[in-house]
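Throughout, read-outs are computed from the coordinates displayed, never taken from laboratory work. Values in this document were obtained by computation on a predicted structure and should not be read as measured data. Positions of Cβ are backbone-derived with ideal geometry, glycine not excepted, and every protein chain shown enters the neighbour counts.
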Amino acid sequence: MLLSAAAIAIHLVTRPTESIGLAVDPSLAPAEIQYLKDGLHAAYEVPVGMLTESIKPPADAQTPLDGREVLATMDRWPRVPGQRQLAISGAHGDTVERTFVFGLGRRAGRSAVVFTPRLRHRANPTLFRQRLLRVSIHELGHVYGLRHCEDQDCVMVYSATLLALDASPDHFCPRCARLLHGWRQAT
Ligand SMILES: [Zn+2]
Ligand SMILES: [Zn+2]
């Protein structure tokens, strides 16, 4: 009895409850946040909670934030064991390699960020919410360990343009779904 209780305790220590922590800035409306929370919960089947932190906007709205610096900042936030973090920023974002990215996720890390200005381009509220959720699932997919996928019917396909993003699905292809499942069993 004592032994099995200890075994259960060890199991709990080594396998913290998975969750997603969402950090938003004031650019996101409550209805948009709720849509995103529901969609991420459906995609990853983990609790999605709100973080108190958020990404500080740049002093000049036209100046993009450096995506990697944003992720480095997020990595320093207090950590809940088993939690992966997603920040939504109303600022433009870029990286050393690419200008104006939709988002960025550190592969097998803990943080991802989505930059919304381009996603709002010529989008009605419904289209914007769809784009926001799709990019969020994609970037968190990297955090869960996935790379870009060649399958056009997979959310992990690389989209450089809004046209490509709008044509991509919200779901994982069978291969990525398998990899995601395996990765989550192993971590
Ligand atoms: Zn990607
Ligand atoms: Zn795939």
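Using Cβ point charges alone (K and R +1, D and E -1), the dipole size of region 17-147 about the Cα centre works out to roughly 260 debye.
Entry note, the chain: relative contact order of 18 percent, from Cα contacts under 8 Å with a spacing of 6+ residues. Each stretch of four or more DSSP H residues adds -39500 (n - 2.57); spread over every residue of the chain, this sum gives -12500 deg cm²/dmol at 222 nm.
Give, in nm to one decimal, the length gained when the segment between residue 184 and residue 120 is fully stretched (0.36 nm per residue of separation minus the Cα-Cα distance).
Result for the pair: 19.8 nm of gain on full extension.
Under a 5 Å amide H to amide H cut-off, with H placed in plane at 1.01 Å, what residues pair with residue 172 once short-range neighbours are removed? Here 155 satisfy the definition. Computed from the C-beta positions of residue 27 and residue 160, the FRET efficiency with R₀ = 25 Å rounds to 0.60.
Angle of helix 125-143 to the longest C-alpha principal axis of the chain, folded into 0 to 90 degrees and rounded to 10: 50°. Shown is the FRET efficiency for residue 42 and residue 96, computed with R0 = 30 Å from the Cβ-Cβ distance and rounded to the nearest 0.05: 0.35.
As I understand it, the value is the acute angle between the Cα axis of helix 2-14 and the longest principal axis of the Cα atoms of the chain; what does it come to in degrees, rounded to 10? Here the helix axis deviates by roughly 20 degrees. What is the sum of charges around residue 147, taking Lys and Arg as +1, Asp and Glu as -1, for the other residues whose C-beta is under 13 Å from the C-beta of residue 147? Taking every other residue near residue 147 into account, the sum is 0. Given H placed on each backbone N at 1.01 Å, which residues far from residue 51 in sequence or on other chains put an amide H within less than 5 Å of it? Long-range HN contacts for residue 51: 22, 23, 24.
Of all chymotrypsin sites (Phe, Trp or Tyr not before Pro) in region 139-187, which ones are in loop regions per DSSP and have a Cβ with at most 16 other Cβ atoms within 10 Å? Intermediate values should be presented prior to the final figure.
Working: sites: 144, 158, 172, 183; in loops: 144, 158, 172.
Those that pass, being in a loop and sparsely packed, are 158.
Between helix 174-186 and the chain there is an angle of about 50 degrees, using the helix long axis and the longest principal axis of the Cα atoms. Considering only 176, 162, 35, the residue lying farthest towards the positive end of the dipole of the chain is 176, judged by Cα position with unit charges set on Cβ. Of the residues 20, 123, 89, the one whose Cα sits farthest towards the positive end of the charge dipole of region 17-147 is 123 (charges of +1 on Lys and Arg Cβ, -1 on Asp and Glu Cβ, taken about the Cα centre).
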